[in-house]
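Novice: First the structure, which I've put down as structure tokens, then a few questions once you've had a look.
Please treat every number below as a calculation from the coordinates, not as lab data. Every value quoted in this text rests on a predicted model; they were computed, and no experiment measured them. Note that we place each Cβ from the backbone using ideal geometry, even for glycine, and neighbour counts take in every protein chain shown.
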Amino acid sequence: MTEPTPKAATGVEGLDAILGGGLTRGRVFLLEGDPGTGKTTIATQFLMNGAELGESCLYITLSETEEELRESVASHGWTLPDSIQIFELIPPESLLDDDQQQSLLYSSDLELGETTKRIFEVYEKVRPQRVVLDSLSEIRLLAQSSLRYRRQILALKHYFAKQGASVLMLDDLTSEAADKTVHSVAHGVLRLEELSPDYGAERRRLRVLKYRGQRYRGGYHDFIIATGGVRVFPRLVSLQHKTNFDRHPVLTDSPELNALLGGGFERGSSALVLGPAGTGKSLFALTFIKAAIEKGGKAAMFIFDEELGLLFTRALGLDIDLQAMVDTGNLVIEQVDAAELSPGQFSQRVRSCVEKYGAQTVVIDSLNGYHAAMPHESALILHMHELLQYLNRQGATTFLTVAQHGLVGDMRSPVDVTYLADTVVLLRYFEAAGRVRRAISIVKKRTGAHEDTIREFRIDSHGISLGDPLTKFQGVLRGVPSVIGEPELMDLTPPAMRP
């Protein structure tokens, strides 16, 4: 059996997982994308990773000066080691002697063959193990024809292959026509893209178009350019993260609610809490966080809609001290800005809380805010499907909230994900005896039987309190029920005002 060719790690967080370990050594790869998509940053990280391993590296630039490259490196807090040498092929301000350390050549006055010759000469001088060629646009201009361009790319490929060098060629896609010349020649092709939504920060994503003889993770993967370099968030594939755990019931502090749920929620299941604004969806989820932490577990909560300070204050009214839970390290709670965060980055945050922090109860509040981060509803459903399946396979109990449009009567959700959840909890307002009241019902539970009743409920400092089934009402879920008997309702009078 042939031994697999060793890989050269890219040094980019998350990218090697997509590539199956990195870039095959001794091969030529193409990294393409419009200007500003992060090609130079990834190329620099590739060389710096090699330098850390004691490899000699060469950066050949036909577009940027050494000063510009070093400024870009410094912006990330890096310092280029001596093992990374820069060779410039750009217009000079003045002619310099060949004896000087860096050679400057006016590429527009050179024949293509002369440019290629100088590249070979500097390679022979440095003998690097990793090479970056930035960029192919200038070579394409010098070639002036697709045939000559292809011949020169093949010449570069065969030369570097004989030397055993790992080469990363950059292309800024500035040619008038889509030229696939290098695609057919390169061992692998990575495409970087930048999207501009109608509102919010730009979104960046990458895709592996080709990788000969290597399994890789296909599709689009979100990435960001931050201080410290490029970070890639591999597309989540839930089937790759299956674990073994005990699917025991997760009980609440309310015997009535446990009965309504048919014995509580199952560990490793998801619950969708539906209802109009103000019915208590967030507070309902908080009671399960409190119960999980009191039993020695850890939890994570991601807030899209509400300001954290207000949520902390509201929770104190229910005798839930979120700040104390955070201070003791039992709760991770994050405010998520849907306009600034890509779905892939959000999935990575959730994974980090589960895998590194050990959270077994996860709350996403709400899917309305998460939907705002997605360009299309269909993409949201696919993201949520993988995320929920991943959490289920990790043994986490997940609570998602969705605010429906309207207060009473027929209500619509911004996106229908009820089929994804294992349990669906429906919260409703209804009018009775001159008061606005709240009702709860379980409309779906995959993991067992549950009550089919509709009960009035209240959330206060004692937790969740449920009344008797509303058997004397008809049309509670529509919001304006009719009375068909003498109903038994919960006493909504504040305790201080009761006789």
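Novice: Given Met325, Gln85, Gln394, which one lies farthest toward the positive end of the charge dipole of the chain, if we put +1 on the Cβ of every Lys and Arg and -1 on the Cβ of every Asp and Glu?
Specialist: Gln394
Novice: Right, next: Which value in Å is the Kirkwood Rh of the range 430-482 over different Cα pairs?
Specialist: Values: mean 1/r = 0.0820 Å⁻¹.
Result for the range 430-482 stands at 12.2 Å.
Novice: Next question, about the same structure. In percent, how large is the relative contact order of the chain, given Cα pairs closer than 8 Å and 6 or more residues apart? Write down the numbers at each step before the final one.
Specialist: Details: 960 pairs, mean separation 69.7, N = 499.
Result for the chain is 14 percent.
Novice: Restricting to the range 240-497, compute how many DSSP beta bridges are antiparallel as a %, nearest 5. Kindly include the intermediate steps, with their values, before the conclusion.
Specialist: On the way: 22 of 48 bridges.
That works out to approximately 45 percent antiparallel.
Novice: Under a 5 Å amide H to amide H cut-off, with H placed in plane at 1.01 Å, what residues pair with Asp460 once short-range neighbours are removed?
Specialist: HN-HN under 5 Å from Asp460: Ser465.
Novice: What list of ³J(HN,Hα) values in whole Hz, one per residue of the range 125-138 in order, does the Karplus curve 6.51 cos²θ - 1.76 cosθ + 1.60 (θ = phi - 60°) give from phi, with Gly and Pro shown as x?
Specialist: 6, 8, 6, x, 8, 10, 9, 10, 10, 10, 9, 6, 4, 5
Novice: Beyond a 18 Å Cα-Cα separation, which of these cross-linked pairs lie in this structure: Lys281/Lys472; Lys117/Lys162; Lys242/Lys295?
Specialist: Numbers: Lys281/Lys472 25 Å; Lys117/Lys162 16 Å; Lys242/Lys295 25 Å.
In this structure, Lys281/Lys472; Lys242/Lys295 exceed 18 Å between Cα atoms.
Novice: Now, a different point. If I take every Cα pair under 8 Å that is 6 or more residues apart in the range 240-497, average their sequence separation and divide by the length, what percent do I get for the relative contact order? Write out the running numbers ahead of the final one.
Specialist: Values: 488 pairs, mean separation 66.1, N = 258.
Relative CO of the range 240-497 lands at 26 percent.
Novice: Still on this structure, I have one more. Give a residue-ordered list of calculated ³J(HN,Hα) values for the range 152-162 (Karplus: 6.51 cos²θ - 1.76 cosθ + 1.60, θ = phi - 60°; whole Hz; x for Gly, Pro).
Specialist: Going residue by residue, I get 5, 5, 5, 4, 5, 4, 5, 5, 5, 5, 5 Hz, with x marking Gly and Pro.
Novice: Can you check how the C-alpha radius of gyration of the range 7-235 compares to 2.2 N^0.38 Å, as a plain ratio? Let's see the in-between values first.
Specialist: Details: Rg = 17.0 Å, N = 229, 2.2 N^0.38 = 17.3 Å.
In units of the globular-protein estimate, the range 7-235 measures up at 0.98.
Novice: Related question: Can you pull the Kirkwood radius for the range 240-497, inverse mean 1/r over Cα pairs, to one decimal in Å?
Specialist: Numbers: mean 1/r = 0.0531 Å⁻¹.
After inverting the pairwise mean of 1/r, the radius is 18.8 Å.
Novice: Still on this structure: Name the lysines eligible as straight-distance cross-link partners of Lys298: C-alpha to C-alpha under 18 Å, and not fewer than 8 places from it in the same chain.
Specialist: Here the lysines satisfying the reach criterion relative to Lys298 are Lys290, Lys356.
Novice: For the range 296-306, just list the computed ³J(HN,Hα) in residue order, Karplus coefficients 6.51, -1.76 and 1.60, θ = phi - 60°, integers in Hz, with x standing in for Gly and Pro.
Specialist: With coefficients 6.51, -1.76 and 1.60, one gets x, x, 10, 9, 9, 9, 10, 10, 9, 9, 9 Hz.
Novice: With the crude spin-label approximation of a point 7 Å out along Cα→Cβ, what separation in nm comes out for Gln163 versus Glu431?
Specialist: With each label placed 7 Å out from Cα toward Cβ, I get 8.2 nm.
Novice: If amide H atoms are built 1.01 Å from N in the plane of the peptide, which residues on other chains or at least 5 residues away come under 5 Å of the amide H of Phe473?
Specialist: Counting only residues 5 or more places away or on other chains, the set is Ile484.
Novice: Ok, one more. If you filter the range 124-202 for GluC sites (Glu not before Pro), then keep DSSP loop positions with at most 15 other Cβ within 10 Å, what is left? Could the numbers behind the result be given before it?
Specialist: Details: sites: Glu124, Glu138, Glu176, Glu193, Glu194, Glu202; in loops: Glu176, Glu202.
Counting only loop positions with at most 15 other Cβ atoms within 10 Å, the GluC sites (Glu not before Pro) in the range 124-202 are Glu176, Glu202.
Novice: Would you calculate the volume per residue, in Å³, of the smallest convex hull containing every Cα atom of the chain?
Specialist: On the way: hull volume 91.5 nm³, N = 499.
Normalising the Cα hull of the chain by residue number yields 183 Å³.
Novice: Rounded to the nearest 20 Debye, what is the dipole magnitude of the chain about its Cα centre when Lys and Arg each give +1 and Asp and Glu each give -1 at the C-beta? Intermediate values should be presented prior to the final figure.
Specialist: Numbers: 53 positive and 64 negative charges, 441 e Å.
It works out to roughly 2120 debye.
Novice: Sticking with this structure for a sec: In Å and whole numbers, how far do the C-alpha atoms of the range 112-189 stretch along each principal axis, longest first?
Specialist: Principal axes ranked by extent give 35, 27, 18 Å for the Cα atoms.
Novice: Among Lys180, Lys290, Lys39, what is the fewest-to-most ranking by other Cβ atoms within 10 Å? Kindly include the intermediate steps, with their values, before the conclusion.
Specialist: Numbers: Lys180 11, Lys290 22, Lys39 25.
So the ranking, lowest neighbour count to highest, is Lys180, Lys290, Lys39.
Novice: For the chain, what is the percent of antiparallel DSSP beta bridges, rounded to the nearest 5? Write down the numbers at each step before the final one.
Specialist: Values: 40 of 92 bridges.
Percentage antiparallel, nearest 5: 45.
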